[in-house]
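Everything on this sheet refers to the single structure shown next.
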Amino acid sequence: YANPPSAAMLASGEILLLSEKLAWRFQPDRQQVVLAAPKRTSAYQKIIPLADGRALVMIGTSVRPGSDVTLSNSDAEIYDPVRDEWRQIALLPSLRDPFAATVLQDDRVLFVGYTTVTSTAPARVDIY
């Protein structure tokens, strides 16, 4: 099965739309969709909007029915819509599946999840 696209509203009000291979920005004030800069990866992404207008994008490889994202590594990218560019970053010290992420008031991101795909150990917490 194909990985579903993902979307999130950025601080500017634009909507960042991602498929496995392409990225677009919907500009509601102009009612138009524009192609964004080419992504560095062609995997599934989970978008976490940041207060400064950028987006933190978690990299994964597949989505299982009834699950969110299966991460293949701990990589992530930052998308800057002002510059229309992607920057790859190393993010987490271990895999997360499943995981949850939330942006804190100081714009850091709190991640909670299992340390491996098959783990039954207590959740691990990291802050980016």
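For region 25-44, state whether one or more residues are in a strand (DSSP E or B), closer than 22 Å to V112 by Cβ and at pLDDT 85 or above. The answer is no, given that none of the residues of region 25-44 is in a strand (DSSP E or B), closer than 22 Å to V112 by Cβ and at pLDDT 85 or above. Being surrounded by fewer than 17 Cβ atoms within 10 Å (Cβ to Cβ), modelled with pLDDT of 70 or more and hydroxyl-bearing (S, T, Y) is true of T102. Taking first residues from region 46-71 that are open to solvent by 20 Å² or more (accessible area, probe 1.4 Å) and of a type in the set (G, A, S) and partners that are modelled with pLDDT under 55 and part of a loop (DSSP other than H, G, I, E, B), the Cβ contacts under 9 Å between residues at least 6 apart in sequence or on separate chains come to S62/Y1; S62/V69; S62/S72. Counting only residues that are in a loop (DSSP other than H, G, I, E, B), in contact with an Asp or Glu (Cβ under 7 Å, 6 or more places away or on another chain) and modelled with pLDDT of 70 or more, region 55-99 holds 1 of them.
Restricting attention to region 21-34, the residues being open to solvent by 100 Å² or more (accessible area, probe 1.4 Å) and touching a strand residue (DSSP E or B) at 6+ places or on another chain (Cβ under 6 Å) number 0.
The values are calculated or read from the model by the stated rules, or taken from the named source; none is laboratory data. Values in this document were obtained by computation on a predicted structure and should not be read as measured data. When we count neighbours, we look across all protein chains shown, and the Cβ atoms used for this are built from the backbone with ideal geometry, even at glycine. These area figures cover heavy atoms from the full protein model, side chains too; ligands, DNA and RNA do not enter into them. Shrake-Rupley method; radii C 1.70, N 1.55, O 1.52, S 1.80 Å.
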